[in-house]
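S.K.: Below is the structure I would like to discuss, written out as structure tokens.
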Amino acid sequence: MEVFADFFRDLYDTTGLNFVIFYEEYESERFIAAVWTSLKLIVICLILSLVVGIVGAWAQGAKSRIVRLVMAGYIQFFRNTPPFVQILFFYFVVGTTLERAGLMPLVDMGGWNEPLIGNFGWAVVSLSFFAGAFNVEIFRSGIEAVPTATREAAEALGYTRLKSFIYVIFPLAFRVCLPALNNNLVNLLKTTTLAYAIAVPEMMYTANQIWSDNVNVTEMMFVLFIYYIVLVGILVWLMHKWERKMIILGYN
Amino acid sequence: MSETVTNTGWTPDQPMVSIKNLHKSFGDLEVLKGVSFDVMKGEVICIIGPSGSGKSTLIRCVNALNDIQKGSIKVEGIEVNDPKLDKLELRKKVGMVFQQYNLFPHKTAIENVMMAPIHVLKQPKAEVEERAARLIKKVRLEGKEQSYPGELSGGQQQRVAIARSLAMNPEIMLFDEITAALDPETVKEVLFTIQELAEEGMTCILVTHEMGFAREIANHIYFTDRGVIVEHGPPASFFTDAKDPRTKEFLSQIL
């Protein structure tokens, strides 16, 4: 570890390239904390956006016209507005309004109170619903690709709409839309950097703080690029592994 | 009293399926224009007729895959044309096999057979698995249990579809042109399976173009054209002394 730190200290001394996060304890702790925060943000948003997508795709086929209209409205809103504006809106408008109206439960943090949904929470909500809106549309395209005949076979066997969705339609639809889903999840991962705008101490925000303190913008930019290249690489690798696992013999 | 007596008041001496003055339209197009017939327990009924005569629509109405506009269909006393119809109750009694097999492609042959009893009837898995294995054997697909539908021939898939339907222990089976999409050599194995079922006393309604098979297996043949039953009778007389010119023309083209 010392060798590693010495290398970067040397690098700074000899070339002026200041990768301060690799040799100074305070900055490296900040960096590691940011890794955790951003990973937490990414994983939670990925999972929630999938849940929103699945539930939404199910709701889109509901008998109730009101449910279908609500879904259509939700998708239009989140698809047709910038995610940056959405995140600001949730934090500064929705969050603040709820707090002022006394509707936001407070959590005792040991001496002071914090709202149940703070900046991290609002980033999760807004990003999950943002990516979820696209996931709904992606799943819908997959569901539409499942032949009516397959649905009827399930129906004739006594499956209700929900059971048929869970056991027959969704598993088939999911396979069809994995490539499109892949793209959207990669996009979501990168979009989590917008949480910067509401001071969530994730990677982008922390990088900015570090370069403000150390005047090493270029170096931190490199770190950012490499960080996200690696994360997206891992995500894509996992998704491809999943895709291969889901291949049905003799079916395409 | 036998256990098949349900609270609908149906008894086994009454028709198992009773269709009265059935009318079915798709928009402005009236496909069935007043069809009536009865099927008794253990009977094998074949419905024949030219394409577009409403044969498939007719049997799809029996298990409520298509709704109907007028008339009545009773399956063991359950009125299918009832807005409050308990579809699950109906579908537990009525098994259906389709022209395109419609197996669930993401599940193996035996899983296809096991799914509905587990998901719909909530029967214990071990019991269902045992029954499914027996059914796979019954349709002569032993050794193919772990194959996916995409790895099976059309005839094999169709036999899995029959086993899948039988796994629900239906009282009556509907077969919708189930050999129409098959190669001639695989048709035989599927027909043999149906024949065995019929011999065991399963009530069957078949829509078919296999005239030789219909003649051999059916208790009664119905000829439909343009939404009505033109002529019907037991196979012995139906094929030899058809009265209606439309029936004669159809038979002359096909036999």
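No value in this document is a laboratory result; all are computed from the given coordinates. A quick note: this is a predicted structure, and the numbers were derived from the prediction, not measured. Ideal geometry is used to build each Cβ from the backbone, glycine not excepted, and the neighbour counts take in all protein chains shown.
S.K.: Rounded, prolate or oblate for chain B? Axes are the square roots of the Cα gyration tensor eigenvalues, ordered a ≥ b ≥ c, and the cut-off for rounded is a/c under 1.5.
M.R.: oblate
S.K.: Write out the chymotrypsin sites (Phe, Trp or Tyr not before Pro) in the range B:170-216 meeting two conditions: DSSP loop, and at most 10 other Cβ atoms within 10 Å of their Cβ.
M.R.: Within the range B:170-216, no chymotrypsin sites (Phe, Trp or Tyr not before Pro) qualify (loop, at most 10 other Cβ atoms within 10 Å).
S.K.: If you don't mind, there's one more thing I want to ask. When the convex hull of the Cα atoms of the range B:46-158 is projected onto a plane and the area is averaged over all directions, what value comes out in nm²?
M.R.: 9.0 nm²
S.K.: Could I ask something else about it? Anything in chain B that counts as a DSSP H helix reaching 15 Å or more along its axis (C-alpha) with Kyte-Doolittle mean of at least 0.5? List them, would you?
M.R.: TM-like helix candidates: B:109-119.
S.K.: Net charge around A:ALA34, counting only other residues with Cβ within less than 13 Å of its Cβ (Lys, Arg = +1; Asp, Glu = -1)?
M.R.: Summing Lys and Arg as +1 and Asp and Glu as -1 gives -1.
S.K.: Using Cβ counts within 10 Å as a stand-in for footprinting exposure, how do B:SER25, B:SER237 rank, fewest first?
M.R.: Taking fewest neighbouring Cβ atoms as first place, the list is B:SER237, B:SER25.
S.K.: Right, next: Which whole-Hz couplings ³J(HN,Hα) result when phi for each residue of the range A:132-143 is put into the Karplus expression 6.51 cos²θ - 1.76 cosθ + 1.60, θ = phi - 60°, listed in order with x for Gly and Pro?
M.R.: x, 4, 5, 4, 4, 5, 5, 5, 4, 4, x, 5
S.K.: Once phi is turned into ³J(HN,Hα) by the Karplus curve 6.51 cos²θ - 1.76 cosθ + 1.60 with θ = phi - 60°, what whole-Hz value does each residue of the range A:13-27 show in order, with x for glycine and proline?
M.R.: Using θ = phi - 60°, the values come out as 4, 8, 10, x, 7, 9, 8, 4, 5, 9, 10, 10, 4, 4, 6 Hz.
S.K.: Under 5 Å between amide hydrogens, which residues at least 5 positions from B:VAL44 or on another chain qualify, with H placed 1.01 Å from N in the peptide plane?
M.R.: Counting only residues 5 or more places away or on other chains, the set is B:CYS204, B:ASN219, B:HIS220.
S.K.: Right, something else. Order these by the 10 Å Cβ neighbour count, fewest first: A:PHE77, B:PHE98.
M.R.: Starting with the residue having the fewest Cβ neighbours, the order is A:PHE77, B:PHE98.
S.K.: List the residues whose amide H sits under 5 Å from the amide H of B:VAL31, counting only those 5 or more places along or on another chain, with H placed 1.01 Å from N in the peptide plane.
M.R.: B:LYS24, B:SER25, B:PHE26
S.K.: Let me ask another. On full extension of the chain, what length is gained from A:GLU29 through A:PHE4, given 0.36 nm per residue of separation minus the C-alpha to C-alpha distance?
M.R.: That works out to 7.5 nm of additional length.
S.K.: For the range A:90-131, just say rounded, prolate or oblate: build the C-alpha gyration tensor, square-root its eigenvalues into a ≥ b ≥ c, call rounded for a/c under 1.5, and beyond that prolate if a/b exceeds b/c, oblate if not.
M.R.: It is oblate, given that a/c is not under 1.5 and a/b is not larger than b/c.
S.K.: Taking H placed 1.01 Å from N in the peptide plane, check which residues at least 5 places from B:GLU231 or on another chain put their amide H under 5 Å from its amide H.
M.R.: It is B:PHE223, by chain and number.
S.K.: Which angle between 0 and 90 degrees, to the nearest 10, do you get for helix A:203-214 versus the longest principal axis of chain A when only C-alpha atoms count?
M.R.: 10 degrees
S.K.: Shifting gears a bit: Compute the signed sum of charges (Lys and Arg +1, Asp and Glu -1) over the other residues within less than 14 Å, Cβ to Cβ, of A:GLY121.
M.R.: That works out to -2.
S.K.: Mind jotting down the three principal axis lengths of the range B:1-103 based on Cα atoms? Whole angstrom, largest first.
M.R.: Principal-axis extents of the range B:1-103 (Cα, largest first): 44, 28, 25 Å.
S.K.: Shape call for chain A from the C-alpha gyration tensor, a ≥ b ≥ c root eigenvalues: rounded (a/c under 1.5), prolate (a/b greater than b/c) or oblate?
M.R.: Cα axes put chain A in the oblate bin.
S.K.: Using only the alpha carbon atoms of the protein assembly as shown, find the Kirkwood hydrodynamic radius as the inverse mean reciprocal pair distance, in angstroms to one decimal.
M.R.: Final number for the Kirkwood radius of the protein assembly as shown is 27.5 Å.
S.K.: All other residues with a Cβ under 14 Å from the Cβ of A:PRO171 taken together, and with Lys, Arg as +1 and Asp, Glu as -1, what is their net charge?
M.R.: Residues close to A:PRO171 contribute a combined charge of +3.
S.K.: Next question. Would you mind pulling out the separation of the Cα centroids of the range A:90-129 and the range A:160-232, in Å?
M.R.: For the range A:90-129 versus the range A:160-232, the Cα centre distance is 22 Å.
S.K.: Here is a further query. Across the residues of B:105-115, average count of Cβ atoms on other protein chains within 10 Å?
M.R.: Neighbouring Cβ atoms belonging to other protein chains average 3 per residue here.
S.K.: Please list, in order along the range B:11-18, the HN-Hα scalar couplings obtained from phi with the Karplus expression 6.51 cos²θ - 1.76 cosθ + 1.60 (θ = phi - 60°), rounded to whole Hz, x for Gly and Pro.
M.R.: Whole-Hz 3J(HN,Hα) from phi for the range B:11-18: 10, x, 7, 8, x, 6, 10, 10.
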